[in-house]
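Scroll down for the structure; my scribbles are underneath it.
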Amino acid sequence: IQTGPKLDSAECLPPIVPKDCSTAHLTPNANKILLLEEGLASAGSEVGATSLIVCGTLFQGICEKRSLDNVSEVLYQSSNPVDTQYVAANDPRVSTVGVVLNQKGVGLMLVGRGYTSKGPSDIPPITTRRLAPSSSPARQAFSQDEELGKLVVGSYSEYNNYFISAHHHGDHVYFLFSRRDMWNRKEYRTYVSRLCAGDRSFYSYVEVLLECSGGYNLAQGAALAKHQGRPALFVAMAAGQASTPTATGRSALCVYGMSELDASLQRAQELCYTEGGRGRTGQEEAYIEYEVSSKCLRLPKDSLKKYPCGGEHTPSPIASAVPLSATPSLTRDTLLTAVTTTTEVGHTIALLGDKNGWLHKVYTHGHTHTHTQSPVNRTNLSLSQVSKVSVSQCEQQPDCQSCLSVRDPHCGWCVLEGRYCTYQPCVTVQSLEPAIQSREEETQVGELWQYSDSGGGTVAVYTISSGIKRYFDIGGNRCVVLSTVQLYDCSVGQSDCSQCRAVSSGYGCVWCGGETPGCVYNLSCTSSPGPADTCPSPQITQIQPVSGPVEGGVLITIRGSNLGMQYQDIQGGVTVAGVNCLPQSHGYLISTRIVCELQPSKQETEGPVIVSVRDSEPGQSLQIFTYQDPQLTAIVPDKGPVSGGTSLTVQGTRLLTGQRKDLTAYVGQQPCYIVEEVNGTHLVCRTSPSNQTAELTVRVLFGKAERSVPGHVFHYMEDPVITAASPAESFYEGGRSIKVSGRSLYVVQQPMLTVWVEPKENTLVRRRRNNQLVFNSIVSKERCTVVSSSEMNCLTPRVTPDTKVMGVWFELDNVKVSFERVAGKTFSYYPNPELLALNRDDPDTPYRFKPGGVIAVEGKDLTRAMTRGEVIARLGDQECEVKTLDSTHLYCEPPEKQPASLGSNQLPSLRVVMGNLNVDLGTVQYDTEGLSPVPLAAQVGLAAGAAVVVLVVLVIILMYRRRSKQALRDYKKVLVQLETLEINVGDQCRKEFTDLMTEMMDLSSDVGGPGIPLLDYKTYAERVFFPGQRGAPLSQDLDLPESRRQTVEQGLGQLNSLLNNKLFLIRFIHTLEAQQNFSQRDRGYVASLLTMALHDQLEYFTDVMKTLLGDLVQQYVTKNPKLMLRRTETVVEKMLTNWMSISKCLAIKYQVDKGPVDAVTGKAKRTLNDSHLLREDIDYSSITLTVKSGVEVQPCPVKVLDTDTITQVKDKILDQIYKGAPFSQRPAADSLDLEWRSGQAGHLTLSDDDVTAVVQGRWKKLNTLQHYKVPDGATVALIPRSAVAMGIPQVYQTGEKMPMLEGEEGLRLWHLVKSNEEPEIPKHSSMRERERAKAIPEIYLTRLLSMKGTLQKFVDDVFIAILNTKRPPPIAVRFFFDFLDDMAEKHGIDDPETVHIWKTNSLPLRFWVNILKNPQFVFDVQVTDSVDAVLSVIAQTFIDSCTTSEHKVGRDSPVNKLLYAREIPRYKQLVERYYSDIHSAASGCYQEMNSTLTELSGVSEMNSLVALHELYKYINKYYDQVIMSLEDDAAGQKLQLAYRLQQVAALVGNKVTDL
């Protein structure tokens, strides 16, 4: 049966239509799930027929049912599957498992599947599927519905589970999977999770880590069976490559008891329910996994008993921090990939498949096992078919001997019938007399056979097959096991006399001498001289070790033959080098091995080992044993970090005393682990961590003998600390020097710089969806050089261009320091710089060089990861000094004389060294030919010509002197004027420079305190949706007569239902946009009304917006895609602006107010905007007023300027008093009077305009503190303005956009400068004052720089906060950027600049620029004209940073552009990194986005009825066009949309319709 290939694409949803899916192609199908479903019959009837459930990778992993009688017959298949029916992973490399169960008569299938990078990404890792369709409620087969369970995860791409198998046991379902451990070392490990079979909400989810000792961490296959009569999980495990999911060839079989597994899971569940996840010791033993916002609780102690499957109030999903461990029952050097089990005669046999296609059979009993490899050839097994394979070949064995030799657990030999037996029974033995019988006495046994007619009778022979003893019952024709029957072969295992005589006398074994001595049955010994009464003397073949310490204490192993028949035979009979050696009973093996403990010797000596067995002649070894006295002389190094890891070399003599296992080293009481082979003079060990700094003695134990290093101690010192490392870039070839700074660096002997890389082809998918499938990790290291205790140099390791850097860190013995944590940014590798040959056209021709110049070398990307100081250039045997290095050129100055060549070539070659990159650029030949001599005739001609030139010059000089006398007098006059102007300009420049240097300071302390007050959500939405409009629908009520209210509200309810029909809404929007008189203002208004009306269904609103944007993309693709979203010209673009606003300044004002601000023109000294710069020299000083605002309120100091108007002073006082309070809640400045108080009765009310105001011609100056001569430290008070004063019209109020320039008497008001006119100069002013008035206004541009320098930190903080890459980007941004990427991919737009422009037009220009220019949309603050001017410059800088075009500036560029010209490239990098990180982040955010939208919908305060009523006005205006559009649409006709709209019109508009 073929299930593929078929026309499909993982990027398209079924059914596949070629014209709609450009990526569709013939795709093979990989079957992921093959499960049997038992048919469920009606009550009282038998179970119906069974079917086969098949789920493959085609069509987003849909499933079908096939008949088991005829697999080609399809019983069920969805013709038009929906997204809830996508079951299996659509990628053949991603695993899917399932298990079928029956819950209350309903067939269900629990499915575990890994993460896929294409197709729907909102499918959870574990889901419940129904196996049959239902009518109430209406559900389709294999659908995953809301009432069924699913595992919710926070970051699915990070927790990409690779599922191995699923099992149903008891009342639970178990999933076996592997994934990266996100909490510890991020290595891949194997887990088992458990769910209650009836838990449809997955409240009972709990998982535990499985450990298989020996480093086997990746499960490959599993089976559930019985082990020693108890349920157990048989798991084929493999050792993984370092920190990757790739398995190596080492594998093992581990068995986990289900009772132990359930106990571990239940304990984690209980601790998380009742103990906050903490065990008895206080350590965390259970926690909440998968980044779910829950935590372990302290519920009542009986919570687990009451809620064994959890509940809404219990934490979930739970993970155990304590692993379940097991010891391998079998290890292999070939990768085991599958496991299943079978039962034979009540014993479980595991069948293991390996990577090479071989089948292995293992019978396990306790910790022992027998193993056989099947002769099935691996070519018989295929990935594309299901094969039926015989698990035994017993029938191929012709006799008993061959049957037993295959060691097959399935095979046995029926002796009485003379045939094999496997699953067929054979006659068996019930009893045997005698119970012990020699195999050699066949006639004897034959005489003992007895038979009876009743089947109770008698005995024959037994056989052993793979450890299973089978006995054959003749009468009952059944197989039983009797453990009391034994047959014995004396020759087996008895190789010498002592072993033979040690056999129990009941077996009748004797040692038979003669020419071929051996152990035989006593009646079989017929050779002379017959059975031996005594054994030969002992023979010693090996002693180990051959040396030991004089103190003794080590164990000596002696091997040989005839070493006694029992342990008592050799007690007191062993000497080593003449010293008694005490035998150990636990190490004694009859006749073949003695283990004795070496006793002390008085001195160093040597000699053989002698063994005496009772009265026999002693045996002596040929090897000589030596008593030695090892000595320790020195240690290198003598210090190391307290974290350990130092390779410590102990020097000495005769260090190889005893065996390697007898040697142990210690530093103080801390073990030092021996890591290399020990020789006579050196021993290397690695120190373990210490809990404190100390000076400790180094000790080595040779068995029980202890030696220490005299006069030397090892210093445990503070761990080295790295504080800085730079640069953070290198190129692939490596070798670039990294300067490392820190403390205690000299403590480390072998510091390393380590780089972890992975193949780039495996990370291409990871970059987009963070897929788990990453292989072949490589770790490269380079030694670092310690310069001093605070400085270290490291060379970057070499990496290949086809790899991607995953991590860089410093290894300082056991101390590991991440480069990113030290440097604050990730380490980057770039392509190697390219250097072009000196003579590219003809490389064999030398480059001609003229002495005195420089050699120019062309290249590419020369400075991307290199600086001039790091480059070395050599010409022959001398240096070519590098003078300049830029991105494309390197200039070096060679020696004056041509250097000698280093090679066989006569000419020197130029070599450039950059790290490990050594490039030969070709040979260089100096041009040493002299200049050609000038002929004599030419010299005479040159002299004559020079004479003529001199005469002409003299004539010109005479004429010039005559005329210059007149000009000299005019020049002196001008010179006086220039000197005066120079003095004036110099004074002003010096003053502005002083301001620039003294006033650029950090304002963080000045603008701290309470945060900026935020607007409530309703006010925020009103200002964003309806900017500049008063009486917006958000704050209105439905204005209707009471007689019509109920009818209209009913109609509006029906209109709301219509708007929730996607087809109607899209038709409605397209129809409105097609009308010529539907203005751009109308488009924005309708979009905001739709946002209000659908605010409680934002998920649906988002879906409609995506559809409309898809239409918009289709429209622009045919024109110019870069223009899309540039302006808000359509309804959907305004909907996008509102959607971004839903999903998603104080320092400036303070700094502006520090300098003079003209109250009339709005110009300020402290600004970033050139057009709002106060280009006059204003003398002012800062004064501090003591303000009293109430009787009981503590007076507070307020800084103001003496040039401030009275209204400006009141505003500054209010800013200080109401700091942090909403602007809307503070009193207005014109409602208060400022009163200057001096002494008890001295009260003076100050105002901007009164009778004391100065009038000059037709200009009246506003009053200031300077005008009233208010001193520094004066006391003032704000008092409510009297009713009489309140009625006086105010001439001017701060904050007005259009200040009133005309006073009551027709006088023009001014404050600091007079607008639109030259300043008036008194007639009797001095010449210096007149020249000062003509000072150059451009000298005041330094004020912009002063303002910029002061605000730079705040501008940087704002940009970094918006474009932060260290925290996850907002879900709405990830969601929408993914949508734009998908649209570009769908329409074949591969220009990255186009997608960049789309993203810029959607997020920065629609949201952030709007907020930057209008902070009052979000914050409850006041934005004055001067502050608004500064915000405009910052917003424009943000816009320039988001564009892809190059930011070119010149002398003629606007001042505002020049101001941030240096910062914009850095901001561009922030934007590009922000977009790149979002593109690389996990895109499986649809589920999380829907949850967020649902949450936002719940907090709606929108007046939807008003919005619906406003929308109806547009429906009424274009009623005929909308009705016609709905009637022309076939789908709309089926849904009767036009009819339903007519009903709405009849109710709301009282319109006469066709109803």
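The values are calculated or read from the model by the stated rules, or taken from the named source; none is laboratory data. All figures in this text were calculated on a predicted structure; none of them were measured in a lab. Note that each Cβ is placed from the backbone with ideal geometry, even for glycine, and that neighbours are counted across all protein chains shown. Side chains are part of the model used for accessible areas, which takes the heavy atoms of the whole protein and leaves out ligands, DNA and RNA. Shrake-Rupley method; radii C 1.70, N 1.55, O 1.52, S 1.80 Å.
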Placing each pseudo-label 7 Å from Cα in the direction of the beta carbon, Gln1225 and Ala338 end up separated by a distance in nanometres of 7.1
Computed on Cα atoms only, the convex hull of the stretch 768-880 has an orientation-averaged projected area in nm² of 12.6
The FRET efficiency for Ile778 and Ser904, from their Cβ-Cβ distance with R0 = 30 Å and rounded to 0.05, is 0.20
Taking 0.36 nm per residue of separation between Gln669 and Leu1063 and subtracting their Cα-Cα distance, the length gained on full extension comes to 133.9 nm
Taking a label point 7 Å from the Cα of Val17 along Cα-to-Cβ, the residues of the stretch 108-128 whose backbone nitrogen sits under 20 Å from it are 119-120
Those GluC sites (Glu not before Pro) from the stretch 247-323 that are DSSP loop and have at most 15 other Cβ neighbours within 10 Å turn out to be Glu291, Glu312
Contour minus Cα-Cα span, Thr826 to Ser405, at 0.36 nm per residue, comes to 145.3 nm
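Applying a 10 Å radius around every beta-carbon, put 1089-1101, 600-612 in order of their mean neighbour count, most first.
1089-1101, 600-612
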Taking a label point 7 Å from the Cα of Thr331 along Cα-to-Cβ, the residues of the stretch 236-261 whose backbone nitrogen sits under 12 Å from it are 239, 250-253
Taking every alpha carbon pair in the stretch 552-639 and sorting the distances into 10 angstrom bins from 0 up to the bin holding the longest one, the percent per bin comes out as 17, 46, 21, 9, 6, 1
Taking protein heavy atoms only, a 1.4 Å probe, and rounding to whole percent, the accessible area of the stretch 837-919 owed to carbon and sulfur comes out at 43
Between Glu676 and Arg961, the two model label points (7 Å from Cα along the beta-carbon direction) sit apart by a distance in nm of 9.2
Of 247-258, 712-723, ordering from highest average Cβ density within 10 Å down gives 247-258, 712-723
Pseudo-spin-label distance Arg1237 to Lys305, built 7 Å along Cα→Cβ, given in nm, is 7.3
Taking R0 as 30 Å and r as the Cβ-Cβ distance between Leu936 and Lys897, the FRET efficiency 1/(1 + (r/R0)^6), rounded to the nearest 0.05, comes to 0.35
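Given an 8 Å cut-off on Cα distances and at least 6 residues of separation, report the relative contact order of the stretch 563-713 as a percent.
Relative contact order comes out at 17 percent.
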Given 1512-1522, 489-499, the highest-first ranking by average Cβ count within 10 Å works out to 489-499, 1512-1522
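Ratio of the stretch 701-751's C-alpha Rg to 2.2 N^0.38 Å, to two decimals? Could the numbers behind the result be given before it?
Values: Rg = 18.9 Å, N = 51, 2.2 N^0.38 = 9.8 Å.
Rounded to two decimals, the normalised Rg is 1.93.
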Stretched fully, the stretch from Ser134 through Gln692 gains (0.36 nm per residue minus C-alpha distance, one decimal, in nm) 194.0 nm
Per the 1/(1 + (r/R0)^6) rule, R0 = 51 Å and r from the Cβ atoms of Asp1520 and Thr1275, FRET efficiency to 0.05 is 0.10
Expressed to two decimals, the stretch 618-698 has a Cα Rg over Rh, using the Kirkwood radius, of 1.10
The correct ranking of Val952, Val71 by accessible area at 1.4 Å, largest first, is Val952, Val71
